[in-house]
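Have a look at the structure below, then the notes.
The values are calculated or read from the model by the stated rules, or taken from the named source; none is laboratory data. Being a predicted model, the structure only gives us computed values, none of them experimental. Cβ atoms come from the backbone with ideal geometry, glycine included; neighbour counts cover every protein chain shown.
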Amino acid sequence: MDADADMSTLTKRLAGPSTAKAGMETVDQAKVNDIIYKASEVDLPPRARLSWSTADAGQGSKFFENERKKDIELTKKIDDMLRRVKAIEGMDLSYERRKADEKVLAKAPHIG
């Protein structure tokens, strides 16, 4: 995984679920993600910490390092799944499909 992809997925991860909230359609999400990531680079004093993104996400903090580690693990899992999909796409799966259909029909004969 390259550094740009690593930063891209990590910035989305740090932004959290608020990116899909109502009213956020017109917001430049890339800019918001970048602001949150840059705010997480600064380790603010405790009284200046206003939200989870600035309070816990300072680079080097336990939260930031844990999020970075989870992001790397998830990205590796996704890459592995995509490699497996590519390997399967070229295969003839007609036998497997027929066996799956037989099992479905055995469990629910009213479907066929």
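Take region 77-96 and flag every residue that is in a loop (DSSP other than H, G, I, E, B) and either closer than 26 Å to Thr9 by Cα or in contact with a strand residue (DSSP E or B) (Cβ under 6 Å, 6 or more places away or on another chain) (or both). Please lay out each step first, then the result.
From region 77-96, those in a loop (DSSP other than H, G, I, E, B) are 90-93; that's our starting set.
Hits for region 77-96: nothing passes.
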(message) Going through Lys70, Lys99 one at a time, which residue ends up being assigned to a helix (DSSP H, G or I) and at pLDDT below 95?
(response) Lys70
